[in-house]
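S.K.: This is the structure, below, for whatever I ask next.
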């Protein structure tokens with residue numbers, strides 16, 4: 001049982017039409033069109049460059065006082081923590097231009113800011129010293145009840 005099927009003319013474009021169109025398309029105008037987009041893009045970027053998204057990283061750190069720890073020891077720990085936080089902030093994100101670190105200390109239920117470190121990336125690159133860029137809060141010692149722990153004989157020797 002064989003069956004013969006007559007082929008119907010299809011709606012597909014005949015190959016001769018495609019070859020005729022191909023001869024009409026010139027490769028030169030196509031190349032010029034493609035390569036003209038690059039100079040136009042450079043011109044647009046030169047006239048109106050895109051905005052850089054730089055920003056300040058803000059870090060809040062909290063330190064708990066260890067029993068029998070002096071205020072000077074707390075300050076050294078706060079400086080070390082601020083230094084590590086600033087370096088980490090600059091290392092993690094290349095768009096960070098400034099870092100602001102606030103270090104607070106908790107002592108016997110009292111909480112007070114001890115120092116704040118505000119530094120820009122170029123300043124930190126030139127001198128990564130937290131003591132240089134830190135601002136110390138003078139009242140933090142009394143707010144954290146360090147002066148209440150002094151004996152009457154030691155009161156004259158404190159700063």
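Readers should treat all values here as calculations from the given coordinates under stated rules, not as data from a laboratory. On a predicted model such as this, the values are computed, not experimentally measured, just so you know. Every residue, glycine as well, gets a Cβ built from its backbone with ideal geometry; the counts of neighbours run over all protein chains shown.
S.K.: Quick one: compute the contact order of segment 55-157, relative version, from alpha carbon pairs under 8 angstrom and 6+ residues apart, as a percent.
M.R.: Dividing the mean separation by the residue count of segment 55-157 yields 28 percent.
S.K.: What order do you get for 142, 107 when you list them from fewest to most C-beta neighbours inside 10 Å?
M.R.: Ordered by Cβ neighbours within 10 Å, fewest first: 142, 107.
S.K.: Averaging the inverse of every distinct alpha carbon separation and then flipping it gives the Kirkwood radius. What is it for segment 55-157, in angstrom units?
M.R.: So the Kirkwood estimate lands at 14.5 Å.
S.K.: Calculate, for residue 44 and residue 137, the FRET efficiency according to 1/(1 + (r/R0)^6) with r their C-beta to C-beta distance and R0 30 Å; round to the nearest 0.05.
M.R.: 0.05
S.K.: For the ranges 109-117, 39-47, 77-85, 61-69, what's the packing order if you count other beta-carbon atoms within 10 Å of each residue, average per peptide, and put the highest first?
M.R.: Final packing ranking: 77-85, 109-117, 61-69, 39-47.
S.K.: Calculate the spin-label point distance for residue 111 paired with residue 93, positioning each point 7 Å from the Cα along the beta-carbon direction, and give it in nanometres.
M.R.: 2.3
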